[in-house]
Amino acid sequence: MTLQSACASSKEERVLPLLYPETRARHSHSKRIDTIPQHYAEMSGEELDVRIAAARATLGERLVILGHHYQRDEIIKYADYRGDSFKLAQLAAARPQADYIVFCGVHFMAESADILSAPHQKVILPNPAAGCSMADMANIAEVEECWEMLVDTLGDDAGIIPVTYMNSAANLKAFCGRNGGIVCTSSNAPAVIKWAFSRGKRVLFFPDEHLGRNTALKFGIQEEQMVVWDPKDPMASDNADEEIENSRIILWKGYCTTHMRFNVQQIDKARAEYPGIKILVHPECRREVVEAADLYGSTEYIIQQIEQAPAGSQWAIATEINLVHRLAKTHPEQFIFCLDPVVCPCSTMYRIHPAYLAWVLEGLVEGEVINQVIVDDEVVYWARVALERMLAL
Ligand code: SF4
């Protein structure tokens, strides 16, 4: 059985209590339950459907369910809105009548929704173990250590602008807000890099090395002007000082496990098998994959390309499998497949199972808020500063 078919036929009914310790500490003051009651884990899909529908009907306008494009069909069907992380956070802010925002996505997305929503709104992540492996590759202690080392090396005239990808913890967005920096998404990264270079000499980009590199190349920065910062082994090179002094962009060594699965051999194979096929990839893929593709862009861009394409077009897409399957299903007039034939879903997004959704919704009906994501006020303030700089572009 291939990995793909193993994933497609799996029944995700495990209880997944693991949560990155730093994330756990940030939310110690909210009511969090990492272990779903067993009877929810044992319910059939049909029973969960009935219970979720009943809870939604009872909560009415007080509830909004947001679904990220990478969520499985069994979850996305309940979403009032679908989108990428930033679009969903904005949608949450645009629905002040909803007291409860249930975010079917991953942890940093729920934090962003909490930052942008009104004070009375409660943001809930159904399974608190739904983190993002990339976001977890940079934490505030490591980023502050990096910042100090860079300032030590470069002196007072360092001119570094910190830029964090949306896929990062709220306290890293706040770090950018406090230090003259900004947030970017995969759609607006080029405009954000331009903004940063109009204010400083160098950019510290975290946590995704690949989005940072692909964007810098687009901006005309050469590979020799880039330095990769490994938080586990900083300044390891013998010429580290010199490399940093000559750099224009410092790239955090982080990556998306889902998008790292794609490679150039898959592109060559797709082209050999389907002459004329268009290769469409996400900018979290490696440089060589982006360069070998016909088109690249954010999740929303990928969806747009497919929606605008004529019948009969052929596409091999390098992004999360649930989205690719959904595009193939909703556009049967086109030929669409995932570039990696054995790719599995984003494993952390996959932790939002209907059983978790039923559990938190029934909790709300009973007046109990389970797994609320609460960002500290000071973090909210500075993270908003960084987000508002981005919105003003
Ligand atoms: S697809 Fe990658 S970046 Fe997105 S949530 Fe999953 S691990 Fe994080």
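Structural remarks
- Any hit, region 137-148, residues being away from the ligand (no atom under 13 Å from the Cβ) and either open to solvent by less than 10 Å² (accessible area, probe 1.4 Å) or on the phi > 0 side of the Ramachandran plot (or both): yes
- Lone unmet requirement of (1) open to solvent by 10 Å² or more (accessible area, probe 1.4 Å); (2) in contact (Cβ under 8 Å) with a residue 60 or more places away in the chain for ASP152: (2)
- Residue match in region 125-148 (condition: farther than 26 Å from THR257 by Cα and of a type outside the set (Phe, Trp, Tyr)): yes
- None of ARG26, ARG62, ARG72, ARG95 is within 18 Å of LEU364 (Cβ to Cβ), modelled with pLDDT under 95 and charged (D, E, K, R) except ARG95.
- In region 362-387, residue nearest to MET109 (Cα to Cα) [restricted to those that are in contact with a strand residue (DSSP E or B) (Cβ under 7 Å, 6 or more places away or on another chain) and in a helix (DSSP H, G or I)]: LEU387
- In summary, SER112 fulfils each of the numbered conditions (1) modelled with pLDDT of 95 or more; (2) crowded, with 21+ Cβ neighbours inside 10 Å; (3) out of contact with any strand residue (DSSP E or B) (no Cβ under 7 Å at 6 or more places or on another chain) with the single exception of condition (1).
- Qualifying residue in region 254-268 (condition: of a type outside the set (Gly, Ala, Ser), within 15 Å of the ligand (Cβ to nearest atom), open to solvent by 50 Å² or more (accessible area, probe 1.4 Å) and at pLDDT below 95): yes
- Residues satisfying the criterion are absent from region 203-214 (criterion: touching a Phe, Trp or Tyr at 6+ places or on another chain (Cβ under 9 Å), open to solvent by 50 Å² or more (accessible area, probe 1.4 Å) and within 16 Å of the ligand (Cβ to nearest atom)).
- Taking first residues from region 348-373 that are at positive phi and partners that are open to solvent by 10 Å² or more (accessible area, probe 1.4 Å), the Cβ contacts under 6 Å between residues at least 6 apart in sequence or on separate chains come to ASN371/ARG32.
- Of the listed requirements (1) open to solvent by less than 10 Å² (accessible area, probe 1.4 Å); (2) under 21 Å from ARG384 (Cα atoms); (3) within 16 Å of the ligand (Cβ to nearest atom), PRO128 misses just one: (2).
- Residue match in region 375-389 (condition: away from the ligand (no atom under 16 Å from the Cβ) and touching an Asp or Glu at 6+ places or on another chain (Cβ under 7 Å)): yes
- The residue list ALA358, ALA316 contains one member that is closer than 28 Å to TYR40 by Cβ and touching a Leu at 6+ places or on another chain (Cβ under 7 Å), which is ALA358.
The values are calculated or read from the model by the stated rules, or taken from the named source; none is laboratory data. Keep in mind the model is a prediction, meaning the values are calculated, not measured. FYI the Cβ positions are ideal-geometry reconstructions off the backbone, even for glycines, and counts take in every protein chain you see. Remember, those area values only see protein heavy atoms, side chains included, never the ligands or the DNA or RNA. Shrake-Rupley method; radii C 1.70, N 1.55, O 1.52, S 1.80 Å.
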